[in-house]
1. Can you name every residue in region B:353-382 that is of a type in the set (Ser, Thr, Tyr) and open to solvent by less than 10 Å² (accessible area, probe 1.4 Å)?
2. Scan region B:106-130 residue by residue and report those that are assigned to a helix (DSSP H, G or I) and either within 17 Å of the chain's Cα centre (by Cα) or not polar (S, T, N, Q) (or both).
3. Confirm whether A:Phe54 is more than 10 Å from chain B (Cβ to nearest Cβ) and out of contact with any helix residue (DSSP H, G or I) (no Cβ under 8 Å at 6 or more places or on another chain).
4. Within region B:382-412, how many residues are over 20 Å from the mean Cα position of the chain (by Cα) and among the acidic types (Asp, Glu)?
5. Of (1) under 17 Å from B:Asn77 (Cβ atoms); (2) touching a residue at least 60 places away in the same chain (Cβ under 8 Å), B:Lys308 satisfies all except one. Which?
6. Going residue by residue through region B:326-346, is there one that turns out to be in contact (Cβ under 8 Å) with a residue 60 or more places away in the chain, within 14 Å of chain A (Cβ to nearest Cβ) and open to solvent by 40 Å² or more (accessible area, probe 1.4 Å)?
7. Here is a check on your reading of the model: is B:Leu251 touching a strand residue (DSSP E or B) at 6+ places or on another chain (Cβ under 6 Å) and closer than 26 Å to B:Ile340 by Cα?
Amino acid sequence: MFVINCPYCGERDQQEFKAGGEAHIERPKQPTELSDDEWAEYLFMRKNIKGIQFERWNHAHGCRKWFNMVRDTSNDEIKLIYKMGERPPSE
Amino acid sequence: MKNNYSVFSLIKNAFSYHENWQRAWKDPAPKKEYDTVIVGGGGHGLATAYYLAKKHNMKNIAVVEKGWIGGGNTGRNTTIIRSNYLWDASAGLYDHALKIWEGLSQELNYNVMFSQRGVMNLAHNLQDVRDLKRRTHANRLNGIDAVYLSTEEVKKFCPIINTSPDIRYPVLGGTLQRRAGTARHDAVAWGYARGADEMGVDIIQNCEVKGIRRKGDSVEGIETTKGFIKTKKVGVVAAGHSSVIANMAGLRLPLESKPLQALVSEPVKPIIDTVVMSNAVHAYVSQSDKGELVIGAGTDDYVSYTQKGSHQIVEGTLNAILELYPIFSRMRMLRQWGGIVDICPDASPILSKTSVKGLYFNCGWGTGGFKATPGSGDLFAHTIANDEPHKLNAAFNLNRFVSGDLVDEHGAAAVAH
């Protein structure tokens, strides 16, 4: 449980938000060309990092907008929040 | 050779104030090389080592554990054991475990306090009723004892449940598996550790894995905080940290690690002599032999390795408990804790070979791995020893995420994940 600084609404309790999992997983550009292995990689495989993770969140009980977050999963500390469509910051 | 535990040894040791009990397992330094190394000294890992030594005659085995044995999810769960899963593959897997539970204390000469007090699952809406009836039929076709109960029968089996029709989520019925129940989680880890140690397994605690050394497509050994250990076979049973170990070997797994919470109340006199689970309102409760109510809450929806969860998750569970059991309204909670559970997209485990030769994973048990401990150890030992899965865990391979042949127990497993 922590406080999240929504880029549109400001600081709100985490329970207003829905976690959307790993960020920057791009939908395959040519789905028809994909092998089963590539589909599995896209659909199911996750980094599930212990440490700095890039992820998506949705302010489900607020503005309902999506945004990206950089969070340390070993202590739940939020490092950075940036909008959808923006490039992920380098380490 | 281990001394046998019996009522006579208990009396004998009472005369020396219980100060001269034999050590249950040694505390060895790691050797340079093992035939097989198990990563993770929880119940599943220790059981794997035990069955490797016992059933597959392997001699040179080590279990490496970064903390102390049974200090992770083995000591953090709500100890519920059942096998009433919907799909054939799951029913086979979990009932295999339940059959081993039934003779485990005798086999290990260690009282794991397995108590077949029954597990009841409640239905709160029409869809629940249909799902639970369907699951009862599926269970019976698979030879698993299951019965469907009416509201009156639920009330008769567990009189403290509020079955009034005017509560927010009224009890419309339920299922009961009488062979299901609970066991003492610490004793399971300790019993397997003692049994494995007796057969020559080295249990190495405070030894964290820092890397997996590969030579091409094969495993060469593991880097640990106690130095490099050479081995050709590595069985990873690291629960919430499985992805961390997989990343060391350059693999990705279909797992997300999330905090799952549980809590216990102050101890009271016997009030509930079974296990009651409610999927729809998310309230699981049983009573420990000490008298504490043992309550299982849900997972948070974000990835975290912090072993603590959000307050509102516990609050939601306690709201549901209070509506179903008004008699608990003045109970005080004693302790609350979290564990990190590794959840698969289909809520079924992975007991599998990998693309790296000699590297095996036993993970993805999510919120319900404790019940499977003996079966998981037995089948994973078979998989490692033969380099092929047993027919009971063949469906739980890593390749199912490529082939699409998932064992979808989300919602079907009588429990919310």
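The values are calculated or read from the model by the stated rules, or taken from the named source; none is laboratory data. What you see is a predicted model, and the numbers here were worked out from it, not measured in a lab. Note: ideal-geometry Cβ built from the backbone for every residue, glycine included; neighbour counts use all protein chains shown. Ligands, DNA and RNA are stripped out before the accessible areas are found, and what is left, the full protein with its side chains, is counted by its heavy atoms. Shrake-Rupley method; radii C 1.70, N 1.55, O 1.52, S 1.80 Å.
1. Looking only at region B:353-382, we keep the residues that are of a type in the set (Ser, Thr, Tyr), and these are B:354-355, B:360, B:367, B:373, B:376.
Once the filter is applied, which keeps residues that are of a type in the set (Ser, Thr, Tyr) and open to solvent by less than 10 Å² (accessible area, probe 1.4 Å), region B:353-382 yields B:Tyr360, B:Thr373, B:Ser376.
2. Let us first name the residues in region B:106-130 that are assigned to a helix (DSSP H, G or I), namely B:106-108, B:126-130.
The answer is B:Glu107, B:Leu108, B:Leu126, B:Asp128, B:Val129, B:Arg130.
3. Values: more than 10 Å from chain B (Cβ to nearest Cβ): yes; out of contact with any helix residue (DSSP H, G or I) (no Cβ under 8 Å at 6 or more places or on another chain): yes.
Yes, satisfied.
4. Counting residues in region B:382-412 that are over 20 Å from the mean Cα position of the chain (by Cα) and among the acidic types (Asp, Glu) gives 3.
5. (2)
6. yes
7. no
Yes or no, residue by residue, for (1) among the hydrophobic types (A, V, I, L, M, F, W, C); (2) within 29 Å of B:Ala180 (Cα to Cα); (3) open to solvent by 50 Å² or more (accessible area, probe 1.4 Å); (4) in contact with a helix residue (DSSP H, G or I) (Cβ under 7 Å, 6 or more places away or on another chain):
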residue: B:Phe8; (1), (2), (3), (4): yes, no, yes, no
residue: B:Glu33; (1), (2), (3), (4): no, no, yes, no
residue: B:His44; (1), (2), (3), (4): no, yes, no, yes
residue: B:Ala62; (1), (2), (3), (4): yes, no, no, no
residue: B:Lys66; (1), (2), (3), (4): no, no, yes, no
residue: B:Thr78; (1), (2), (3), (4): no, yes, no, no
residue: B:Tyr85; (1), (2), (3), (4): no, yes, no, yes
residue: B:Ser90; (1), (2), (3), (4): no, yes, no, no
